[in-house]
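Novice: Supplied in structure tokens, the structure appears directly below.
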Amino acid sequence: MAGMIKQFQRNIKRNNLLSIAFVALLCSLSYFLGIWQHGGFSPSVTTTSVLSSTTCDPTTVSSSTALGLDFAAHHAANDSTFASPPPSNFPACDVKFSEYTPCEDVDRSLRFDRDRLIYRERHCPEKRELLKCLVPAPAGYRNPFPWPASRDVAWFANVPHKELSVEKAVQNWIRVDGDKFRFPGGGTMFPRGADAYIDDIDKLISLHDGTIRTALDTGCGVASWGAYLLSRNIITMSFAPRDTHEAQVQFALERGVPAMIGVLASNRLPYPSRAFDMAHCSRCLIPWHLYDGLYLIEIDRVLRPGGYWILSGPPINWKRHWKGWQRTEEDLQNEQNQIENVAKSLCWKKVQANGDLAIWQKPTNHIHCKMNRKVIKSPQFCSGQNPDAAWYNKMEACITPLPDVASIDQVAGGELKRWPERVTAIPPRISSGSVEGVTADMFLKDTEQWKSRVGYYKKLISQLGQKGRYRNLLDMNAQFGGFAAALIDDPVWVLNMVPTIGKDTLGVIYERGLIGSYQDWCEAMSTYPRTYDLIHADSLFTLYKDRCDMEDILFEIDRILRPEGSVVFRDDVDVLVKTKGIADRMKWQSQIVDHENGPHVREKLLLVVKSYWTAEDQNQSQ
């Protein structure tokens with residue numbers, strides 16, 4: 001009996017196991033049948049397929065849509081009562097801010113010392129003073145004329161100021177012609193026009209053989225000198241203060257000519273040492289002979305070895321002009337002598353003096369200059385300073401020493417190639433190892449990479465490839481200037497900004513024959529609103545993470561971007577999603593797209609177009 005019971009129990013256990021196995025099999029078959037009925041194992045639901053779409057904005061793709069499943073709660077309470085309202089669009093600023101330049105604000109400048117024009121230097125607002133609104137374009141604003149027509153004509157509504165056309169009428173700077181401004185190309189010291197004036201310079205030093213590529217124009221007026229040099233493949237950084245000559249730099253930018261607000265006062269110019277092949281002053285009203293020659297010493301710092309300084313206007317040729325200048329002969333003679341003495345103390349050689357022009361040349365090295373310090377006691381050579389440090393660094397009355405050389409025949413810092421070979425040649429600062437961590441191979445690879453990237457940009461933004469659509473371009477994190485170099489054959493110019501918190505590569509950019517400036521993007525740029533047609537920002541927000549608010553940088557980008565202008569942001573996808581959230585509140589149209597190497601790269605592009613609107617449109621909508 002006991003044996004039968006044990007056998008029965010074994011049969012029950014076996015039957016139970018079979019039942020369990022059978023139920024498990026049915027469940028498995030049911031599960032796999034359900035998957036097959038809902039799309040099977042198609043790869044179309046993978047992450048790869050989602051990112052490979054043209055638009056990579058994660059907010060447009062939900063997991064429920066991608067998987068074909070509906071996770072929504074259809075019978076829950078309406079949660080709209082508890083949800084936060086979507087953030088509203090940023091308001092427009094008052095029309096009085098249509099030409100707002102935060103760091104050169106006229107009212108704020110009055111708080112500072114008027115001696116040596118210190119009050120006209122950069123004095124930026126504190127964080128609590130920052131505007132949280134969008135700067136409007138003036139009523140009637142129109143897109144500028146395409147280059148090269150813009151060199152000679154601009155819309156009056158874009159820069160509605162007649163002061164210069166009245167004050168400089170006899171000097172042929174600018175005149176009003178109905179709804180337009182005309183720029184005849186004249187200047188105080190070139191009544192026959194900028195072209196004829198430049199021809200006169202070309203007879204004294206060669207402007208056509210490619211040895212001179214970068215120029216600096218101090219006190220530039222409406223930048224006609226720089227505008228007409230462009231046809232000779234010479235690019236000029238022109239600057240002038242925001243002063244009684246209202247909006248002169250704004251006129252230059254409206255013409256499609258490089259220019260910035262700036263002044264020689266107490267701070268160094270925001271450029272590295274050995275940057276410019278040529279510097280120029282045409283009656284720029286800078287007191288070169290005062291303050292122990294401090295301003296000429298600063299020009300010496302930014303001139304490359306063998307570079308030229310050109311001066312026209314007082315006191316040059318004073319014997320002919322002294323009555324018209326309403327100054328005494330003795331006063332002008334004294335100024336002339338002091339300038340000559342400062343130039344000599346810097347070891348400059350006066351190479352030409354013809355009519356209203358005088359030209360000095362900086363030595364190619366400092367071997368002889370260091371030797372004669374035993375005779376010429378002042379100025380002495382600077383010691384222990386970074387010659388390239390130029391962001392709120394004070395000027396010093398000492399000579400910035402050139403790099404050492406082995407013989408008198410060598411060019412300090414290395415000889416530059418002639419233009420246009422210079423733009424792709426390995427810069428001497430890199431070949432000499434002066435830029436830490438950067439090799440010649442890295443530079444060459446960077447150049448090729450940016451050629452590919454700019455080609456991709458032109459596919460995404462057809463207007464970038466259209467002649468005349470864009471003229472003024474800004475690269476906010478220029479690195480080696482590869483973006484600008486890739487566009488060198490296009491009818492555009494690029495201002496290459498090197499952030500003060502990153503690797504200092506601005507000297508490399510100038511050795512390539514390009515121009516730029518230092519900039520801290522936690523502050524505003526020294527330019528007028530509506531300056532640039534296209535702005536490029538590579539990894540900018542990653543660089544400035546935790547340093548200043550992304551929102552404030554975007555307000556500044558909006559201020560300096562023209563209506564219907566474009567922005568290209570490159571950054572990590574998470575950064576760009578956050579950027580897009582703010583951008584969509586700024587009257588911008590924006591879209592995230594894939595990296596040029598495909599959807600698997602975390603770095604993406606955010607493309608932006610600024611909407612057209614003016615102060616008049618804003619008033620009507622209100």
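Novice: Accessible area per residue of the stretch 441-595 at 1.4 Å probe, in Å²?
Specialist: Per-residue accessible area for the stretch 441-595 comes out at 32 Å².
Novice: Could I ask something else about it? ³J(HN,Hα) across the stretch 193-201 via Karplus (A = 6.51, B = -1.76, C = 1.60, θ = phi - 60°), whole Hz, x for Gly/Pro?
Specialist: Whole-Hz 3J(HN,Hα) from phi for the stretch 193-201: x, 5, 4, 5, 4, 5, 4, 5, 5.
Novice: Can you work out ³J(HN,Hα) from phi for every residue in the stretch 468-476, in order, using Karplus 6.51 cos²θ - 1.76 cosθ + 1.60 and θ = phi - 60°, giving whole Hz and x for Gly and Pro?
Specialist: With coefficients 6.51, -1.76 and 1.60, one gets x, 5, 10, 10, 8, 10, 10, 10, 6 Hz.
Novice: Could you give me D for the stretch 491-553, from Stokes-Einstein at 4 °C and 1.567 mPa s, where the hydrodynamic radius is the Kirkwood radius over C-alpha pairs? Units µm² s⁻¹, please.
Specialist: D = 99 µm²/s.
Novice: Given +1 on the Cβ of Lys and Arg, -1 on the Cβ of Asp and Glu, and no further charges, what dipole in debye does the stretch 385-442 carry about its Cα centre, rounded to the nearest 20?
Specialist: In debye, rounded to 20, the stretch 385-442 gives about 200.
Novice: From the C-alpha gyration tensor of the stretch 534-574, pull out the three semi-axes of the equivalent ellipsoid (sqrt of 5λ each), sorted largest to smallest, in whole Å. Don't skip to the answer; put the middle values down first.
Specialist: Numbers: eigenvalues 70, 33, 9 Å².
Over the Cα atoms of the stretch 534-574, the semi-axes work out to 19, 13, 7 Å.
Novice: Measure off 7 Å from each Cα along the Cα-to-Cβ vector at Asp115 and Lys370, then give the distance between these two points in nanometres to one decimal.
Specialist: The two pseudo-label positions are separated by 3.5 nm.
Novice: Pop out the ³J(HN,Hα) list for the stretch 305-314 in order, Karplus 6.51 cos²θ - 1.76 cosθ + 1.60 with θ = phi - 60°, rounded to Hz; leave Gly and Pro as x.
Specialist: Values per residue, Gly and Pro as x: x, x, x, 10, 10, 10, 10, 9, x, x Hz.
Novice: Further, regarding this structure: So what's the stretch 407-516 giving for Rg/Rh, alpha carbon basis, Kirkwood Rh from the mean inverse pair distance? List each step's numbers first, then the result.
Specialist: Details: Rg = 14.8 Å, Rh = 14.8 Å.
That ratio equals 1.00.
Novice: Further question: If I stretch the segment between Leu285 and Glu564 completely, what's the gain in nm (0.36 nm per residue apart, minus their alpha carbon distance), one decimal?
Specialist: Between Leu285 and Glu564, full extension yields 96.7 nm more.
Novice: Right, here's the next one. Could you list log10 I(q)/I(0) for the stretch 318-423 at q = 0.19 Å⁻¹, which the Debye formula gives when each Cα is one point scatterer?
Specialist: -1.12
Novice: Taking amide H positions as placed in the peptide plane 1.01 Å from N, state which residues far from Gly565 in sequence (5 or more) or on other chains have amide H under 5 Å from it.
Specialist: Lys610
Novice: Hey, another quick one. Near the amide H of Gly516, under 5 Å away, which other amide H atoms are found, from residues 5 or more places off or on another chain, if H is placed in the peptide plane?
Specialist: Amide H neighbours of Gly516: Asn496.
Novice: Quick query: amide H of Trp493 versus all other amide H atoms, modeled in the peptide plane; which residues come in under 5 Å with a sequence gap of 5 or more or a different chain?
Specialist: Amide H to amide H, under 5 Å and 5 or more residues apart or across chains, Trp493 pairs with Leu473.
Novice: Any chance you could list P(r) for the stretch 199-282, counting all Cα-Cα pairs in 5 angstrom bins from zero, rounded to whole %?
Specialist: 3, 15, 25, 25, 17, 11, 4, 0
Novice: For a quick protection proxy, order the peptides 502-515, 247-260, 548-561 by their average other-Cβ count within 10 Å, most packed first.
Specialist: Details: 502-515: 24.1, 247-260: 25.7, 548-561: 19.8.
Per-residue Cβ counts within 10 Å, averaged per peptide and sorted highest first, yield 247-260, 502-515, 548-561.
Novice: Based on the Kirkwood radius over alpha-carbon pairs, what value in µm²/s does the Stokes-Einstein equation return for the translational diffusion coefficient of the stretch 477-622 at 20 °C and 1.002 mPa s?
Specialist: 132
Novice: Here is a further query. Give the Debye-formula value of log10 I(q)/I(0) at each listed q (0.10, 0.13 Å⁻¹), with one equal scatterer per alpha carbon of the stretch 114-258, two decimals each.
Specialist: So the normalised log intensities are -0.40, -0.66.
Novice: Under a 1.4 Å probe, what is the accessible area of the stretch 277-432 per residue, stated in Å²? It would help to have the intermediate numbers written out before the result.
Specialist: On the way: 7580 Å² over 156 residues.
Solvent-accessible surface per residue comes out at 49 Å².
Novice: Whenever you get a sec, compute what percent of the accessible area on the stretch 533-622 sits on carbon and sulfur atoms (1.4 Å probe). Could you put the intermediate results ahead of the total?
Specialist: Details: 1510 of 3470 Å².
C and S fraction of accessible area: 43 percent.
The values are calculated or read from the model by the stated rules, or taken from the named source; none is laboratory data. Computed from a prediction, not measured in an experiment: that's the story for all the values here. Every residue, glycine among them, receives a Cβ derived from its backbone with ideal geometry; neighbour counts consider all protein chains shown. Each accessible area value is taken on the protein alone, full model and side chains, heavy atoms only, with ligands, DNA and RNA left out. Shrake-Rupley method; radii C 1.70, N 1.55, O 1.52, S 1.80 Å.
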